[in-house]
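Just passing along the structure, written as structure tokens.
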Amino acid sequence: MSITIKTPEEIGKMRVAGRLGAEVLDYITPYVQPGVTTGELDRLCHDYMVNVQHTIPAPLNYAPPGYPPYPKSICTSVNHQICHGVPGDKALKKGDIVNLDITVIKDGYHGDTSRMFIVGGEGSILAKRLCQVTLECLWLGISVVRPGARLGDIGHIIQKHAESNGFSVVREFCGHGIGLKFHEEPQVLHYGKAGTGVELRPGMTFTIEPMINAGKAAISELPDGWTIVTKDRSLSAQWEHMVLVTDTGVEVLTLSAGCPPPPALVAPLFPALA
Ligand code: MF3
Ligand code: CO
Ligand code: CO
């Protein structure tokens with residue numbers, strides 16, 4: 001398989017799927033409070049997707065080669081969990097950081113987006129800085145997307161920002177092409193060398209979803225076959241948007257009313273989103 005270029009009709013469907021994914025995050029935001037369990041967040045999101053949006057939760061029973069079927073409808077990755085955290089009966093506590101990663105399917109097309117939440121609104125200085133720097137990494141990556149740019153440009157700018165802040169970039173998981181399939185080509189690495197890799201063309205759709213660790217980059221996998229954690233148990237953060245390469249630049253497909261605006265360091269590049 002190769003990288004698919006979406007037609008205008010497909011792009012319309014990706015816009016809808018992307019917005020719906022983001023709206024699940026808007027919906028769940030007020031429920032992310034001390035005492036709620038990740039299993040409750042999963043059930044609320046599942047019911048909203050299925051009964052209100054009439055979307056399909058893409059994670060449920062998703063089973064790529066070498067993985068057991070994913071048992072839940074969203075991913076909830078808490079503190080030192082990097083990604084693919086499986087919702088369960090553990091309650092969130094004040095100061096925890098949690099990533100909620102939502103992927104919906106609407107009309108066959110996938111909408112994939114994730115955000116960080118600081119439970120109870122008050123986290124440690126390190127937790128707040130890690131979440132903010134990771135959001136900046138995502139938007140710096142988005143800011144270099146345009147026809148003629150290369151995938152290595154995205155990885156390079158993310159790696160530079162993470163490491164200059166004393167953090168590290170997870171290597172084993174990456175962004176991905178997306179459309180009729182959840183994970184398509186290309187792989188979008190969050191580290192690399194500018195000017196290298198696949199050249200971007202109008203009509204490509206892919207995610208950028210940097211996973212940034214406060215400590216070392218090394219990972220471990222939990223026995224559930226899904227949850228990925230930092231080997232040194234340091235905190236980890238992730239933000240994800242789905243983007244379209246347009247004729248002149250980039251369109252972010254996973255925006256919604258409640259979505260945090262671009263951070264100050266890139267805001268001038270996205271005047272329409274201020
Ligand atoms: N949403 C994740 C991503 O951004 C993938 C989750 S796969 C699952 O690519 F099965 F764990 F849900
Ligand atoms: Co993704
Ligand atoms: Co995702």
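Take the residues in segment 96-112 that are under 23 Å from V170 (Cα atoms) and away from ligand 3 (no atom under 16 Å from the Cβ); name whichever of them is surrounded by the fewest Cβ atoms within 10 Å (Cβ to Cβ).
Per the criteria, the residue is D96.
I'm trying to understand the selection: among the residues of segment 147-166, which are at negative phi and assigned to a loop (DSSP other than H, G, I, E, B)?
Result: P147, A149, N165.
Write out, first by first residue and then by second, each pair whose Cβ atoms fall under 9 Å of each other, whose residues are 6+ apart or on separate chains, and whose first residue, in segment 174-200, is free of Cβ contacts under 8 Å to residues at least 40 places away in the same chain and part of a loop (DSSP other than H, G, I, E, B) while the second is buried (at least 19 other Cβ atoms within 10 Å of the Cβ) and among the charged types (D, E, K, R).
C174/E209
Evaluate the following for G120: is it free of Cβ contacts under 8 Å to residues at least 60 places away in the same chain, surrounded by 15 or more Cβ atoms within 10 Å (Cβ to Cβ) and among the small types (G, A, S)?
So G120 does not fit the description; no.
Quick one: what pairs do we get from segment 63-83, first residue free of Cβ contacts under 8 Å to residues at least 24 places away in the same chain and of a type in the set (A, V, I, L, M, F, W, C), second within 16 Å of ligand 2 (Cβ to nearest atom) and part of a loop (DSSP other than H, G, I, E, B), C-beta under 9 Å, 6+ apart or different chains?
A63/Y70
Looking at segment 123-135, can you tell me whether even one residue there is within 19 Å of C259 (Cβ to Cβ), within 16 Å of ligand 1 (Cβ to nearest atom), at pLDDT 95 or above and in a helix (DSSP H, G or I)?
Yes, some residue in segment 123-135 is within 19 Å of C259 (Cβ to Cβ), within 16 Å of ligand 1 (Cβ to nearest atom), at pLDDT 95 or above and in a helix (DSSP H, G or I).
Exactly one condition in (1) in contact with a Phe, Trp or Tyr (Cβ under 9 Å, 6 or more places away or on another chain); (2) without any contact (Cβ under 8 Å) to a residue 60 or more places away in the chain; (3) in a loop (DSSP other than H, G, I, E, B) is not met by V86; state its number.
Against the list (1) in contact with a Phe, Trp or Tyr (Cβ under 9 Å, 6 or more places away or on another chain); (2) without any contact (Cβ under 8 Å) to a residue 60 or more places away in the chain; (3) in a loop (DSSP other than H, G, I, E, B), V86 comes up short only on (2).
The values are calculated or read from the model by the stated rules, or taken from the named source; none is laboratory data. Everything numeric here is computed off the predicted structure, so don't read it as measured data. Reconstructed Cβ throughout: ideal geometry from the backbone, glycine too, with neighbour counts over all protein chains shown.
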